[in-house]
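Colleague: Structure provided below as C-alpha coordinates; questions to follow.
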(Lines give C-alpha, C1' and ligand atoms only; values in the text may rest on other atoms or scores of the structure.)
Protein backbone atom coordinates (compact mmCIF):
# COMPACT_ATOMS: atom_id res chain seq x y z
CA UNK A 1 0.00 0.00 0.00
CA UNK A 2 1.62 3.25 -1.08
CA UNK A 3 1.99 6.16 1.30
CA UNK A 4 -0.50 8.94 0.64
CA UNK A 5 -1.91 11.93 2.44
CA UNK A 6 -4.92 11.17 4.58
CA UNK A 7 -7.70 13.72 4.54
CA UNK A 8 -9.54 12.34 7.56
CA UNK A 9 -8.59 11.26 11.05
CA UNK A 10 -8.83 7.56 11.76
CA UNK A 11 -9.73 5.64 14.90
CA UNK A 12 -6.93 3.59 16.44
CA UNK A 13 -6.67 1.49 19.61
CA UNK A 14 -6.40 3.46 22.84
CA UNK A 15 -3.92 1.24 24.66
CA UNK A 16 -4.17 3.27 27.86
CA UNK A 17 -7.79 2.13 28.28
CA UNK A 18 -7.25 -1.62 27.83
CA UNK A 19 -8.39 -3.64 30.85
CA UNK A 20 -5.97 -5.63 33.02
CA UNK A 21 -7.86 -8.80 32.10
CA UNK A 22 -7.30 -8.15 28.39
CA UNK A 23 -3.66 -7.16 28.86
CA UNK A 24 -3.01 -10.43 30.68
CA UNK A 25 -4.85 -12.45 28.03
CA UNK A 26 -2.87 -10.72 25.27
CA UNK A 27 0.40 -11.39 27.08
CA UNK A 28 -0.51 -15.08 27.36
CA UNK A 29 -1.72 -15.36 23.75
CA UNK A 30 -5.26 -16.12 24.88
CA UNK A 31 -7.07 -13.21 23.22
CA UNK A 32 -8.41 -12.83 19.68
CA UNK A 33 -9.33 -9.40 18.30
CA UNK A 34 -11.88 -9.02 15.51
CA UNK A 35 -13.05 -5.56 14.47
CA UNK A 36 -12.56 -3.91 17.80
CA UNK A 37 -13.81 -6.73 20.02
CA UNK A 38 -11.47 -8.94 22.06
CA UNK A 39 -12.65 -12.55 22.49
CA UNK A 40 -11.16 -15.48 24.33
CA UNK A 41 -9.05 -17.53 21.93
CA UNK A 42 -9.45 -21.19 21.11
CA UNK A 43 -7.43 -23.17 23.65
CA UNK A 44 -7.71 -20.50 26.35
CA UNK A 45 -10.24 -22.49 28.35
CA UNK A 46 -12.71 -19.60 28.29
CA UNK A 47 -15.30 -18.25 25.85
CA UNK A 48 -17.05 -14.97 25.13
CA UNK A 49 -16.03 -11.32 24.98
CA UNK A 50 -13.14 -10.04 27.07
CA UNK A 51 -13.53 -6.35 26.22
CA UNK A 52 -14.79 -4.05 23.53
CA UNK A 53 -11.59 -2.31 22.44
CA UNK A 54 -11.50 1.42 23.24
CA UNK A 55 -10.52 3.65 20.32
CA UNK A 56 -9.18 7.17 19.98
CA UNK A 57 -9.13 9.47 16.97
CA UNK A 58 -5.69 10.12 15.49
CA UNK A 59 -4.42 11.95 12.42
CA UNK A 60 -1.65 10.38 10.36
CA UNK A 61 0.07 12.14 7.48
CA UNK A 62 0.50 8.92 5.50
CA UNK A 63 -0.33 5.23 5.49
CA UNK A 64 3.36 4.54 6.07
CA UNK A 65 3.29 6.63 9.25
CA UNK A 66 0.24 4.71 10.44
CA UNK A 67 1.99 1.36 9.90
CA UNK A 68 5.01 2.53 11.87
CA UNK A 69 2.73 3.57 14.72
CA UNK A 70 1.10 0.12 14.65
CA UNK A 71 4.51 -1.53 14.89
CA UNK A 72 5.32 0.56 17.98
CA UNK A 73 2.34 -0.96 19.79
CA UNK A 74 3.35 -2.69 23.02
CA UNK A 75 0.15 -4.28 24.33
CA UNK A 76 -1.18 -5.80 21.12
CA UNK A 77 0.89 -8.04 18.83
CA UNK A 78 2.31 -6.18 15.85
CA UNK A 79 0.38 -8.23 13.27
CA UNK A 80 -2.97 -7.65 15.01
CA UNK A 81 -2.23 -3.97 15.54
CA UNK A 82 -1.17 -3.49 11.92
CA UNK A 83 -4.37 -5.23 10.77
CA UNK A 84 -6.41 -2.79 12.86
CA UNK A 85 -4.60 0.12 11.18
CA UNK A 86 -5.06 -1.44 7.73
CA UNK A 87 -8.76 -1.88 8.40
CA UNK A 88 -9.05 1.74 9.54
CA UNK A 89 -7.30 2.96 6.38
CA UNK A 90 -9.57 0.90 4.13
CA UNK A 91 -12.79 1.93 5.85
CA UNK A 92 -12.15 5.47 7.01
CA UNK A 93 -10.10 7.04 4.20
CA UNK A 94 -10.47 7.59 0.47
CA UNK A 95 -7.76 5.01 -0.29
CA UNK A 96 -10.05 2.24 -1.52
CA UNK A 97 -12.38 4.60 -3.38
CA UNK A 98 -9.39 6.00 -5.30
CA UNK A 99 -8.37 2.45 -6.26
CA UNK A 100 -11.90 1.70 -7.45
CA UNK A 101 -11.91 4.82 -9.62
CA UNK A 102 -8.62 3.75 -11.19
CA UNK A 103 -9.83 0.27 -12.08
CA UNK A 104 -13.07 1.70 -13.51
CA UNK A 105 -10.95 3.88 -15.81
CA UNK A 106 -9.19 0.72 -16.98
CA UNK A 107 -12.51 -1.02 -17.63
CA UNK A 108 -13.74 1.98 -19.62
CA UNK A 109 -10.57 1.94 -21.72
CA UNK A 110 -10.92 -1.79 -22.41
CA UNK A 111 -14.56 -1.26 -23.38
CA UNK A 112 -13.48 1.34 -25.94
CA UNK A 113 -10.90 -1.02 -27.39
CA UNK A 114 -12.97 -4.21 -27.32
CA UNK A 115 -16.43 -2.80 -27.91
CA UNK A 116 -19.12 -5.41 -28.49
CA UNK A 117 -17.09 -8.36 -27.28
CA UNK A 118 -18.17 -10.66 -24.48
CA UNK A 119 -15.12 -9.81 -22.40
CA UNK A 120 -16.57 -6.34 -21.74
CA UNK A 121 -19.68 -7.89 -20.22
CA UNK A 122 -17.60 -10.05 -17.90
CA UNK A 123 -15.37 -7.13 -16.94
CA UNK A 124 -18.45 -5.26 -15.74
CA UNK A 125 -19.68 -8.34 -13.86
CA UNK A 126 -16.27 -8.68 -12.21
CA UNK A 127 -16.17 -5.09 -11.02
CA UNK A 128 -19.63 -5.59 -9.46
CA UNK A 129 -17.68 -7.11 -6.56
CA UNK A 130 -15.89 -3.83 -5.96
CA UNK A 131 -19.20 -1.96 -5.96
CA UNK A 132 -20.45 -4.28 -3.23
CA UNK A 133 -17.28 -3.63 -1.23
CA UNK A 134 -17.90 0.12 -1.43
CA UNK A 135 -21.36 -0.49 0.06
CA UNK A 136 -19.76 -2.57 2.83
CA UNK A 137 -17.29 0.22 3.51
CA UNK A 138 -20.18 2.67 3.91
CA UNK A 139 -21.88 0.38 6.44
CA UNK A 140 -18.64 0.13 8.43
CA UNK A 141 -17.81 3.82 8.68
CA UNK A 142 -19.82 4.49 11.85
CA UNK A 143 -19.30 2.01 14.70
CA UNK A 144 -22.35 3.30 16.54
CA UNK A 145 -24.57 1.80 13.82
CA UNK A 146 -23.42 -1.80 14.44
CA UNK A 147 -26.91 -2.97 15.48
CA UNK A 148 -28.64 -1.15 12.63
CA UNK A 149 -26.55 -2.52 9.75
CA UNK A 150 -27.23 -6.21 10.37
CA UNK A 151 -30.32 -6.34 8.17
CA UNK A 152 -28.30 -5.08 5.20
CA UNK A 153 -25.02 -6.79 6.13
CA UNK A 154 -26.07 -10.43 5.84
CA UNK A 155 -27.49 -10.41 2.27
CA UNK A 156 -24.62 -8.13 1.20
CA UNK A 157 -22.05 -10.58 2.56
CA UNK A 158 -23.63 -13.45 0.63
CA UNK A 159 -23.74 -11.35 -2.54
CA UNK A 160 -20.14 -10.09 -2.42
CA UNK A 161 -18.80 -13.58 -1.63
CA UNK A 162 -20.45 -14.92 -4.79
CA UNK A 163 -19.19 -11.97 -6.83
CA UNK A 164 -15.67 -12.40 -5.45
CA UNK A 165 -15.57 -16.03 -6.56
CA UNK A 166 -16.90 -15.00 -9.96
CA UNK A 167 -14.20 -12.33 -10.23
CA UNK A 168 -11.42 -14.76 -9.32
CA UNK A 169 -12.67 -17.32 -11.86
CA UNK A 170 -12.77 -14.66 -14.54
CA UNK A 171 -9.23 -13.56 -13.66
CA UNK A 172 -8.10 -17.17 -14.18
CA UNK A 173 -9.73 -17.07 -17.61
CA UNK A 174 -8.08 -13.76 -18.48
CA UNK A 175 -4.63 -15.23 -17.95
CA UNK A 176 -5.55 -18.28 -20.03
CA UNK A 177 -6.79 -15.97 -22.79
CA UNK A 178 -3.63 -13.82 -22.64
CA UNK A 179 -1.47 -16.93 -23.16
CA UNK A 180 -3.04 -17.30 -26.61
CA UNK A 181 -0.94 -14.93 -28.74
CA UNK A 182 -3.37 -15.14 -31.68
CA UNK A 183 -6.45 -14.10 -29.68
CA UNK A 184 -5.35 -10.57 -28.71
CA UNK A 185 -3.44 -7.65 -30.12
CA UNK A 186 -0.48 -6.40 -28.09
CA UNK A 187 -2.55 -3.47 -26.84
CA UNK A 188 -5.44 -5.69 -25.81
CA UNK A 189 -2.98 -8.03 -24.08
CA UNK A 190 -1.57 -5.16 -22.01
CA UNK A 191 -5.02 -3.85 -21.10
CA UNK A 192 -6.58 -7.07 -19.87
CA UNK A 193 -3.49 -8.38 -18.06
CA UNK A 194 -3.20 -5.00 -16.31
CA UNK A 195 -6.86 -5.27 -15.34
CA UNK A 196 -6.38 -8.76 -13.90
CA UNK A 197 -3.32 -7.59 -11.97
CA UNK A 198 -5.20 -4.61 -10.52
CA UNK A 199 -8.04 -6.87 -9.42
CA UNK A 200 -5.57 -9.14 -7.62
CA UNK A 201 -4.20 -6.05 -5.85
CA UNK A 202 -7.68 -5.00 -4.74
CA UNK A 203 -9.27 -8.30 -3.73
CA UNK A 204 -7.29 -8.62 -0.45
CA UNK A 205 -8.62 -5.17 0.50
CA UNK A 206 -12.12 -6.25 -0.45
CA UNK A 207 -11.88 -9.56 1.39
CA UNK A 208 -10.68 -7.84 4.55
CA UNK A 209 -13.66 -5.50 4.27
CA UNK A 210 -15.95 -8.55 4.07
CA UNK A 211 -14.26 -9.93 7.18
CA UNK A 212 -14.74 -6.66 9.06
CA UNK A 213 -18.40 -6.43 8.07
CA UNK A 214 -19.13 -9.97 9.26
CA UNK A 215 -17.43 -9.24 12.58
CA UNK A 216 -19.24 -5.89 12.94
CA UNK A 217 -22.56 -7.65 12.30
CA UNK A 218 -21.89 -9.95 15.24
CA UNK A 219 -20.65 -13.01 13.35
CA UNK A 220 -16.96 -13.30 14.28
CA UNK A 221 -16.65 -17.00 13.41
CA UNK A 222 -18.14 -16.29 9.99
CA UNK A 223 -15.61 -13.46 9.69
CA UNK A 224 -12.80 -15.90 10.40
CA UNK A 225 -14.16 -18.34 7.81
CA UNK A 226 -14.32 -15.61 5.16
CA UNK A 227 -10.60 -15.03 5.58
CA UNK A 228 -9.66 -18.71 5.76
CA UNK A 229 -11.66 -19.84 2.72
CA UNK A 230 -11.24 -16.62 0.76
CA UNK A 231 -7.47 -16.49 1.13
CA UNK A 232 -7.21 -20.08 -0.13
CA UNK A 233 -9.15 -19.22 -3.29
CA UNK A 234 -7.20 -15.99 -3.75
CA UNK A 235 -3.86 -17.79 -3.51
CA UNK A 236 -5.12 -20.23 -6.14
CA UNK A 237 -5.70 -17.27 -8.50
CA UNK A 238 -2.24 -15.89 -7.66
CA UNK A 239 -0.76 -19.28 -8.61
CA UNK A 240 -2.55 -19.08 -11.97
CA UNK A 241 -0.93 -15.65 -12.41
CA UNK A 242 2.48 -17.12 -11.57
CA UNK A 243 1.89 -19.93 -14.07
CA UNK A 244 0.97 -17.36 -16.73
CA UNK A 245 4.17 -15.40 -16.06
CA UNK A 246 6.28 -18.57 -16.18
CA UNK A 247 4.76 -19.46 -19.55
CA UNK A 248 5.39 -15.95 -20.84
CA UNK A 249 8.99 -16.23 -19.64
CA UNK A 250 9.41 -19.50 -21.54
CA UNK A 251 8.04 -17.83 -24.66
CA UNK A 252 10.48 -14.97 -24.12
CA UNK A 253 13.40 -17.41 -24.00
CA UNK A 254 12.13 -19.18 -27.16
CA UNK A 255 11.76 -15.82 -28.88
CA UNK A 256 8.06 -16.33 -29.58
CA UNK A 257 6.73 -13.50 -27.41
CA UNK A 258 7.77 -10.99 -30.12
CA UNK A 259 6.58 -7.42 -29.46
CA UNK A 260 5.32 -8.26 -25.99
CA UNK A 261 8.75 -8.60 -24.37
CA UNK A 262 8.71 -5.02 -23.06
CA UNK A 263 5.14 -5.37 -21.84
CA UNK A 264 6.01 -8.64 -20.13
CA UNK A 265 8.94 -7.10 -18.25
CA UNK A 266 6.73 -4.25 -17.00
CA UNK A 267 4.10 -6.71 -15.77
CA UNK A 268 6.73 -9.01 -14.27
CA UNK A 269 8.15 -6.30 -11.99
CA UNK A 270 4.70 -5.29 -10.73
CA UNK A 271 3.80 -8.93 -10.18
CA UNK A 272 6.89 -9.50 -8.06
CA UNK A 273 5.80 -6.67 -5.76
CA UNK A 274 2.31 -8.21 -5.52
CA UNK A 275 3.69 -11.66 -4.66
CA UNK A 276 5.95 -10.20 -1.96
CA UNK A 277 3.30 -7.92 -0.42
CA UNK A 278 3.41 -8.24 3.38
CA UNK A 279 0.27 -6.12 3.64
CA UNK A 280 -1.71 -8.60 1.56
CA UNK A 281 -0.51 -11.42 3.80
CA UNK A 282 -1.78 -9.51 6.83
CA UNK A 283 -5.09 -8.66 5.16
CA UNK A 284 -5.72 -12.31 4.29
CA UNK A 285 -4.59 -13.88 7.57
CA UNK A 286 -6.44 -14.12 10.87
CA UNK A 287 -5.03 -11.23 12.94
CA UNK A 288 -4.61 -13.22 16.15
CA UNK A 289 -5.96 -16.74 15.81
CA UNK A 290 -9.47 -18.16 16.13
CA UNK A 291 -11.94 -17.40 18.88
CA UNK A 292 -13.19 -20.11 21.24
CA UNK A 293 -16.67 -21.48 20.68
CA UNK A 294 -18.95 -22.05 23.67
CA UNK A 295 -19.50 -25.69 24.54
CA UNK A 296 -22.82 -27.12 23.34
CA UNK A 297 -24.74 -28.85 26.11
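The values are calculated or read from the model by the stated rules, or taken from the named source; none is laboratory data. The shown structure was predicted, so the numbers you read here are calculated from the model rather than taken from an experiment. So basically every Cβ, Gly included, is an ideal-geometry build from the backbone, and we count neighbours across all protein chains shown.
Colleague: Please give the number of the condition residue 184 fails out of (1) in contact (Cβ under 8 Å) with a residue 24 or more places away in the chain; (2) in a loop (DSSP other than H, G, I, E, B).
Modeller: Going through (1) in contact (Cβ under 8 Å) with a residue 24 or more places away in the chain; (2) in a loop (DSSP other than H, G, I, E, B) one by one, residue 184 breaks only (1).
Colleague: With 112, 104 as the choices, which residue is assigned by TED's automatic domain parsing to the domain that holds residue 217 and over 18 Å from the mean Cα position of the chain (by Cα)?
Modeller: Step by step, each of 112, 104 is checked, and only 112 is assigned by TED's automatic domain parsing to the domain that holds residue 217 and over 18 Å from the mean Cα position of the chain (by Cα).
Colleague: Let me ask something else about it. Looking at 246, 280, which one is surrounded by 15 or more Cβ atoms within 10 Å (Cβ to Cβ) and in the same structural domain as residue 201 (by TED's automatic domain parsing)?
Modeller: Going through 246, 280 in turn, just one is surrounded by 15 or more Cβ atoms within 10 Å (Cβ to Cβ) and in the same structural domain as residue 201 (by TED's automatic domain parsing): 280.
Matching residues to (1) loosely packed, with under 14 Cβ neighbours inside 10 Å; (2) within 16 Å of the chain's Cα centre (by Cα); (3) in contact (Cβ under 8 Å) with a residue 24 or more places away in the chain:
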site	(1), (2), (3)
68	yes, no, no
79	no, yes, yes
93	no, yes, yes
126	no, yes, yes
132	no, yes, yes
143	yes, no, yes
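Colleague: Oh, and also: Can residue 63 be described as surrounded by 15 or more Cβ atoms within 10 Å (Cβ to Cβ), within 16 Å of residue 283 (Cα to Cα) and touching a residue at least 24 places away in the same chain (Cβ under 8 Å)?
Modeller: So residue 63 passes the test.
Colleague: Scan 85, 50 and give me the residue that is within 30 Å of residue 132 (Cα to Cα), outside the structural domain of residue 280 (by TED's automatic domain parsing), surrounded by 12 or more Cβ atoms within 10 Å (Cβ to Cβ) and in contact (Cβ under 8 Å) with a residue 24 or more places away in the chain.
Modeller: That would be 85, the only listed residue that is within 30 Å of residue 132 (Cα to Cα), outside the structural domain of residue 280 (by TED's automatic domain parsing), surrounded by 12 or more Cβ atoms within 10 Å (Cβ to Cβ) and in contact (Cβ under 8 Å) with a residue 24 or more places away in the chain.
Colleague: For the range 33-45, enumerate the residues that are surrounded by 16 or more Cβ atoms within 10 Å (Cβ to Cβ) and assigned to a loop (DSSP other than H, G, I, E, B).
Modeller: Within the range 33-45, 35, 36, 44 qualify.
Colleague: What helices (runs of 4 or more DSSP H) completely inside the range 217-287 contain at least 2 residues that are more than 18 Å from residue 199 (Cβ to Cβ) and touching a strand residue (DSSP E or B) at 6+ places or on another chain (Cβ under 8 Å)?
Modeller: Qualifying helices (runs of 4 or more DSSP H): 220-254.
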